[in-house]
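The values are calculated or read from the model by the stated rules, or taken from the named source; none is laboratory data. All values derive from a computational prediction rather than experimental measurement. Backbone-built Cβ (ideal geometry, glycine too); neighbour counts: all protein chains shown.
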Amino acid sequence: MSRRTKMSLGIDIGGNRVTLALVAREREGLRLLRAVSGPISNEASQTSGAADVAGLSLAIRKLRKQGRIPRMKAAMGVSLRPVVLQMLDMPRQMPSNVGEFVENELRQYVTLSGRKIACDFCAAGSGRDSRGRLLSVAGDREAIRRLVSACSAAGLTVEAVEPSVLAHARALYKRENASGRAGRVLVVEINASQLSVCLLRNRVLDLVRTRNIPTEAAQNADAWLAEEVQTMMRHYDTESSEGAAGWELHVVVRDGAPVTRGVGEFLRSRTGVPTGVADETCGSADSSAQKVTSPSAEVSAALGLAMRQLDPDGNAWKVNLLPREVMQRRSFVRHVLTAANVAALIFLTMLLLPQIVTRAADRIREDLDHQKMTEKLYATPTLGAQSHRLDRQIAQTERQLRGMRKALQVPSRNWPHVLNAIADSAPAGVCITRLWSQDSQRLSVKGLALSCGAVQDFVQSLGQRDSFRSVSLGSMERQQDARSLVQYEMDCLMVPAQ
């Protein structure tokens, strides 16, 4: 594979099944390298429909091994309840905080009532009016966080989360774009409890909708689904003279959906439009080396998710439900690792610097002795002046060396014991970025923490160590560039050395 090739992974998670698709961007275009799909064990499914972290992680790990997929970043699609999609018209009076406006609108849905939600939005074009429109999505934040944790435990780092129906629409959008076809493409995804719909009108996302499946609809789900599709088609046919000839219908049947195997033919007979059905309950997918313009139906959602990462400029609807605390935690870990590396480099430099200075002084002294032995310095005024200058440099270097040794090697202070006491007292969520002592009695500690309570625990725990007479909090404030990080400074008075 050439050096210019870039790969991306899509993970599509349903109620009882997970699919992985690995896509590469080559000079000829996007290519599906490998795709694998498999069930999640019954023991790994909870009554809420959200996969258990351990069971889902095990299923993903097996699929990674089967598809020879390395550890990498990925985009994840979810088809679990509750997920809400809605197209919002911007009010004529533009709100000061658009994100707060969108979140308040989405919280009105009964299915999200009483839950902590993760939501996002992006601009969406429309051919029906000139007013600005927003594609908005929301889901259960805790359920999404569990799914992200399962992927992380399986060696995959999720960077984006979106509803699977949007990924299906993206894959169809790219296929229609490649073939040059236009018109109205209706993408319908149905699972055990929810119906999700996307409408592409002239390759523009014009409608998104989610609806819970009524209990009475389970008795005749094919007819209920046909009625829902016909209602949407009739609404849009009133605005166009194309009639049914301009429509194309794609149905995605997820595990647990109450429809029958003949739902595709039933919808075709009721609506009169070409209908394609992707039924993931028919078996596992295992494919490779395909052009993305003709993917297998079972992997279209995972394919659309991978395409999201490879073609950011061409993605007209990019939303991300990855919880904010997950992104903040990753940023904090990177910050801690960077600070630890810098601190280790500083300590290493302090240990090696005296040896470097000593060796430099020895080399100067050896050079001077060699010159005194081989040349008659008393007879050459120029060489005599050089000898005095070198003597002064040696004296200055030795004074600096004595000062460094005095600062670093205090005979009466057990510094390893002091540093171990500080490290053992630091609680989780606290990192140390700087240690400073001007003498052997006082020590200043600076660092970062996730919360003020963690800093207080650090102060209290360190004050109980036998190496310190007292520990006090000098300052504590939140950083402006990272709302969740607290910067602190502690003043420590050490027990006098014996």
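Checked across the range 238-255, the condition of being assigned to a helix (DSSP H, G or I), touching a strand residue (DSSP E or B) at 6+ places or on another chain (Cβ under 6 Å) and either assigned by TED's automatic domain parsing to the domain that holds Leu88 or at pLDDT below 90 (or both) holds for at least one residue.
Out of Leu383, Leu377, Leu408, Leu401, one residue alone is touching a Gly at 6+ places or on another chain (Cβ under 8 Å) and at pLDDT below 80. It is Leu377.
Counting only strands (runs of 3 or more DSSP E) wholly contained in the range 58-134, the ones carrying 2 or more residues that are at pLDDT below 85 occupy 117-124. Out of Gly304, Gly276, one residue alone is at pLDDT 60 or above and assigned to a strand (DSSP E or B). It is Gly276.
Which one is modelled with the highest pLDDT among residues in the range 411-438 that are polar (S, T, N, Q) and loosely packed, with under 11 Cβ neighbours inside 10 Å? Filtering the range 411-438 for residues that are polar (S, T, N, Q) and loosely packed, with under 11 Cβ neighbours inside 10 Å, the one modelled with the highest pLDDT comes out as Gln438.
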